[in-house]
Each structure stands twice: as structure tokens, then as C-alpha cells.
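Below is one structure, written out as C-alpha cells; the observations come after it.
Please treat every number below as a calculation from the coordinates, not as lab data. Every value quoted in this text rests on a predicted model; they were computed, and no experiment measured them. A quick note on method: Cβ atoms are made from the backbone with ideal geometry, for glycine too, and the neighbour counts reach across all protein chains shown.
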Amino acid sequence: MKIKTIRAHELLDSRGNPTLEAVAILENDISAAAMVPSGASTGQHEALELRDGDPNRYLGRGVLRAVEHVNVEIAPVLAGMDVTDQREIDQIMLDLDGTPNKSKLGANAILAVSIACLKAGAAANHLPFYAYVSTLCDPEPTDKFTMPIPMMNVLNGGKHAKGSADFQEYMIMPTGAPSIVEAVRWGAEIFHNLGKIIQEKGWPTTVGDEGGYAPPVRSNEQPLELIMAAMEKAGYRPGEQVSIALDPAATELHMNDTYHLEKDGRKDLTYEEMVDLYEAWIRKYPIVSIEDGLAEEDWDGFNHLMEETEGHVQIVGDDLFVTNAQRVQIGIWENAANSVLIKVNQIGTITEALKTIKLAREHGMTCIISHRSGETELPFEADFAVGTHVGQIKIGSLSRSERVAEYNQLMRIERELGDRAQMATFRFAR
Ligand code: PGA
Ligand code: ZN
């Protein structure tokens, strides 16, 4: 089915910042819309998110130039193309942009179109979105699907919740749940019990950007104690049924080659000292995954963490890899991580994101499909995670509609699939 036209316009994301929505309209008038998320603790090697910089609109964060790039430059070139030719569509936009980091058209402009075409392609083929995604990944698509284990960010800190912990994300992973429906229930029950515990301490139960609580904890370890208490209060066995995943987003803690943990009153930590801290916590708590435990350029630190944890813990690169196959390749050579966080807006096209997933998996690395801290009301990650069969998804907490929309979509997919859905197993379970 051919593309008739593509239209973009400016809307708001979950933080009230402007973002793009692109609508791909096909010749039979079927259409599909996609919105672009946005990060706060962004990696310096991410593709460029084009903002207008006009201080008189949205504090400089408007995206009207990116909108114009879609409407004036991209749309005429893609009109008449087969919408299911995703690779060619993405390549044409890459060629039109011609820069290494998509700074001419803007990665936000390009991605909005890339996802809108992907969704329209699914509609044109009369396939559920996840099923269509799987046809792009697998040479021989099956009718069985792997439901991803969610990482649920129940306590927010860092750049997503000022005043809370220095570390950005304290997540629970229902690694023992038999289904998404059960995983979501377990997660929501633990989340609500955590809220009660925080309330009993006399702290506010306000939430951060990703819907997790953001209490004024006394140390960076205290969230772990609170989460353990919440798991027990909710009646789940820590480590067996539910594990813990961390995203310290350590690039944000890194200055002058050392790490600073304000909440703990500790300054100038070396990467060895950071790894010592993680090891002590791994012994004490059921931590199975650490993302960006070191800063984005600290390859030695990442390698040290890999060696010390000896393959028992999932070591995830987010800012480190920025969903970029070239950086993942360096990570493979350096033995820096055994897992890749996949955020499509870090790289800017569906085709490149799929290429990164393929490379990672060929080298035995796990992949996690991830949202951003600034999200939209149109779910994407749920279908993308099911369609790519990666087995893990990171979509925030069990509150705020833009996060819950993804959990709800996962539950819809699982119910629709019935016994064709199978829960993923977690390689790093204890
Ligand atoms: P971001 O945070 O979207 O603000 O970059 C998410 C993460 O670091 O995983
Ligand atoms: Zn991260």
C-alpha cells in the first residue's frame, strides 16, 4: 500500500514539553499516528533532538522546525512509496539528512515518521502492531510470542525527581510471574505498599517523572530497604518472585573523572569504589540488573563491573550505547556490558534500532525495550517489545497514564494471544 502523505504537528509530552506527532496517511486513507518521547538524562552520543531555541515559545523547547522538516522536506519524498518498505523509508530519510547525528532534519522529525510508517504498515497488512514488527525481525515469523518481563521503576531519583536519591531508578522485576497480567498485579501491589510505607514515615507520596515515588530518603541505600519492606508487606518473596534492578544513570554523578554521591556525603569515588558499592548491595539485596552503573565514557569502569560480577548480574548499557550499533560493537570488544537498553529515539529510526538489537543478540547480549522519562499517550514500547521478542521491557511505574498505557497494552496483547503468549525467562534470575 502506497503512502499518500505524511503530516506532522506539535503536541505536548508527559512533562508538558513540546513534541512531534506524525500521521502517515495511505492511499486507501488508512492512517496511523506516532509521537516521539524525550529524555532528561540523555547520553551525549544520542542522535540530535531538534528544538527551536526560540525563548518566546515553550522556553526554547518548541519543535516547529522539526514539524516543518516533516511536512516540507520528508513528506514529498516519501509520497508514493510502499509503506511496508520500512528499510527504504528510513534510508531515504537518512540520506536526506546526511549528517552522522541527524542534526539537519532532527532525530525527532525522522523518528516520528519512521514509527508512523511502521504503524501504518501494520494497518495496511491487517496485522496487530506487534505481529507486524515481528515480521521485520524474524526471517520466519512464528505465531508464538514472548511476553517481556517488565522493569518497574517504583522509586525515582536523580534528574527525574530532585530531592530524592542520587540514583535515578530503583526498579522491581517480577521475574517469577507466570504472565504479564500477574506481573502487573504484583508490581501494582508492591507499589501501593511502598506508598503506605513512605506515608507512615511522614514523607510525601508525590511521584517523579516515571511515576515512582520520590521521597526525601536519607541515603542512596534506603530505597532498597523500603522496597524490600514493600515486597514483604505485599506478600512476595524477594529474589524468588520479585527481584531488583537499578539504573543509577551514573553519567549524571560523574565529574572530573570521579563519582559524587551527595546523599551519602561521599565525593571523589573511583570506579573501583562504585563497583565495590554495587557488590556490597548485590550481596545484601536481590539485585539482578544494573544499568549505567558507570558513566558513558567509563569503559574501564564498565569492564571492571563485568569482571567482578562474573556474568551473574545483567550489566546494561544505556547512555553507554545510545542504541547505536557502533557503540555496542565497541562494548563487545571491551567486554563492557552484557545487555543493551533500546530507546528508539536515541538512534532515530526503526531500522537502525532493529540493527542494534540484532547485533546485540548475535553476541549473546540481552536487550531491553525502553521508554523515556518524557513520554506520550500513544503506547509504542509494549508492541515493539513483544514484536522483537527481546523478553524485557522498561516502562516506568504503575502510575501516570503514559506509563500505565504501556502496561495496559501488554495485558491486552497477552489476552489477545491467549496460549500463543509465553512469559520470557530471565537469564540472570537468582
Ligand atoms: P531518560 O531516562 O529518558 O531521562 O534518559 C531514562 C533512563 O536513563 O533509562
Ligand atoms: Zn538509563
Given the residues 175, 142, which is the only one that is in a loop (DSSP other than H, G, I, E, B) and touching an Asp or Glu at 6+ places or on another chain (Cβ under 9 Å)? 175
Let me confirm something: among 111, 155, 96, 136, which residue is under 17 Å from the mean Cα position of the chain (by Cα) and over 18 Å from residue 37 (Cβ atoms)? 155
Name the single residue that is farthest from the chain's Cα centre (by Cα) among those in segment 323-350 being part of a loop (DSSP other than H, G, I, E, B) and not basic (Lys, Arg). 335
Report, by residue number, each residue of segment 351-370 that is outside any strand (DSSP E or B), within 16 Å of ligand 1 (Cβ to nearest atom) and within 24 Å of residue 407 (Cα to Cα). 353
Pairing a residue in segment 277-299 that is more than 17 Å from residue 311 (Cα to Cα) with any residue that is within 13 Å of ligand 1 (Cβ to nearest atom) and assigned to a loop (DSSP other than H, G, I, E, B), where Cβ atoms lie under 6 Å and the two sit 6 or more apart in sequence or on different chains, gives 296/43; 296/319; 296/320
Out of all the residues in segment 311-355, which are in contact with a helix residue (DSSP H, G or I) (Cβ under 6 Å, 6 or more places away or on another chain), of a type in the set (A, V, I, L, M, F, W, C) and within 11 Å of ligand 2 (Cβ to nearest atom)? 321, 322
Matching residues in segment 183-215 - criterion: being touching a Phe, Trp or Tyr at 6+ places or on another chain (Cβ under 7 Å) and among the hydroxyl-bearing types (Ser, Thr, Tyr): 205
All positions within segment 270-296 that are in a helix (DSSP H, G or I) and among the small types (Gly, Ala, Ser): 280
Close pairs (9 angstrom Cβ cut-off, 6 or more residues apart or separate chains): under 14 Å from residue 38 (Cβ atoms) in segment 50-68, part of a helix (DSSP H, G or I) and of a type in the set (S, T, N, Q) anywhere: 50/108; 51/108; 63/108; 66/108
If you go through segment 314-322 one residue at a time, do you hit one that is on the phi > 0 side of the Ramachandran plot, free of Cβ contacts under 8 Å to residues at least 60 places away in the same chain and either in contact with a Leu (Cβ under 7 Å, 6 or more places away or on another chain) or part of a loop (DSSP other than H, G, I, E, B) (or both)? no
Subset of segment 185-236 (residues that are of a type in the set (A, V, I, L, M, F, W, C), touching a strand residue (DSSP E or B) at 6+ places or on another chain (Cβ under 9 Å) and more than 27 Å from residue 376 (Cβ to Cβ)): 198, 203, 217, 224, 226, 227, 228, 230, 231, 234
Need pairs with beta-carbon distance below 7 Å; first residue acidic (Asp, Glu) and within segment 176-193, second buried (at least 17 other Cβ atoms within 10 Å of the Cβ); sequence gap 6+ or separate chains. 189/234
I'd like to verify a number: residues in segment 372-388 that are hydroxyl-bearing (Ser, Thr, Tyr) and buried (at least 24 other Cβ atoms within 10 Å of the Cβ), how many? 2
Pull up segment 244-283, narrow it to residues that are among the small types (Gly, Ala, Ser) and closer than 25 Å to residue 312 by Cβ, then point me to the one that is nearest to ligand 1 (Cβ to nearest atom). 249
